[in-house]
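Take a look at the structure below.
The values are calculated or read from the model by the stated rules, or taken from the named source; none is laboratory data. In this text, all values refer to a predicted model and were calculated from it rather than measured experimentally. Glycine also receives a Cβ, built like all others from the backbone with ideal geometry; neighbour counts cover every protein chain displayed. Side chains are part of the model used for accessible areas, which takes the heavy atoms of the whole protein and leaves out ligands, DNA and RNA. Shrake-Rupley method; radii C 1.70, N 1.55, O 1.52, S 1.80 Å.
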Amino acid sequence: EDKVVQSPLSLVVHEGDTVTLNCSYEVTNFRSLLWYKQEKKAPTFLFMLTSSGIEKKSGRLSSILDKKELFSILNITATQTGDSAVYLCAVGYNQGGKLIFGQGTELSVKP
Amino acid sequence: EPEVTQTPSHQVTQMGQEVILRCVPISNHLYFYWYRQILGQKVEFLVSFYNNEISEKSEIFDDQFSVERPDGSNFTLKIRSTKLEDSAMYFCASSEQLGRGEAFFGQGTRLTVV
């Protein structure tokens, strides 16, 4: 059965800390891995990764994919209270647009 | 910035009633999806829709569910006879291309079945 597993499930840090969120997957016909940020309601798109070893970066956030070891990490440097959210990892298939999601990592950044 | 919009934001319905959840996808997108998230659980795929027909559906999407694109802008999810376990947040999403996976999500409709 295809699955996406995230760790840790929750994390509490202080402002300024750097965090690393993990996502591993076992999916047939893998096409892409996506990271979303979910604050209360809609998941908002962060990154899509399709190639191994190429870092994607947006401000203090960055992400990389390892297709050999079947995992991805999301790094957030110099965390701020506004980074508090649930971070979702999802995998897309080669055929079709379906995404399967991990259970999310709840990040709480304390002042 | 273009966004997916969903209405209503919250719907309370009695068990056995029919509900219709509405979505307006991003205008140049061609692929539409419904997902749901039961409180405290994962986001789960329900159905994908393209060219006026269902492309793929999950085991959750049984005969009580249906989707429709009644006009050029709206995309609806109908639940024919709601059950308590249908209580969840329902997200509509759309993407420009199939399989790219870069889906953009609406704010969701919280459905509460009592």
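Some points to look at:
- Flag for B:V12 being within 14 Å of chain A (Cβ to nearest Cβ), β-branched (V, I, T) and either in contact (Cβ under 8 Å) with a residue 24 or more places away in the chain or in contact with an Asp or Glu (Cβ under 8 Å, 6 or more places away or on another chain) (or both): no
- The residue pairs whose first member lies in segment B:40-52 and is facing another protein chain (nearest Cβ under 7 Å), whose second member is open to solvent by 50 Å² or more (accessible area, probe 1.4 Å) and of a type in the set (V, I, T), and whose beta carbons are closer than 8 Å, counting only pairs six or more residues apart or on different chains, are B:S48/B:I54.
- One residue stands out in segment A:95-111 among those that are at the interface with chain B (Cβ under 8 Å from one of its Cβ atoms) and not in a strand (DSSP E or B): the one that is farthest from A:Q38 (Cα to Cα), namely A:Q95.
- Residue match in segment A:64-77 (condition: open to solvent by less than 10 Å² (accessible area, probe 1.4 Å) and away from chain B (no Cβ under 14 Å)): yes
- Looking at B:E18, B:E59, B:E96, just one residue is open to solvent by 60 Å² or more (accessible area, probe 1.4 Å), farther than 16 Å from A:I100 by Cα and at pLDDT below 95, and that residue is B:E96.
- Flag for A:G92 being within 12 Å of chain B (Cβ to nearest Cβ), assigned to a loop (DSSP other than H, G, I, E, B), open to solvent by less than 10 Å² (accessible area, probe 1.4 Å) and at pLDDT below 95: no
- A:A85 at pLDDT 95 or above, more than 12 Å from every other protein chain (Cβ to nearest Cβ), open to solvent by 20 Å² or more (accessible area, probe 1.4 Å) and in contact with a Lys or Arg (Cβ under 9 Å, 6 or more places away or on another chain): no
- Top-ranked residue in segment A:27-44 [being without any contact (Cβ under 8 Å) to a residue 12 or more places away in the chain and not aliphatic (A, V, I, L, M); ranked as farthest from B:H10 (Cα to Cα)]: A:T44
- Residue in segment B:33-52 that is open to solvent by 90 Å² or more (accessible area, probe 1.4 Å), modelled with pLDDT under 95 and under 27 Å from A:Q6 (Cα atoms) present: yes
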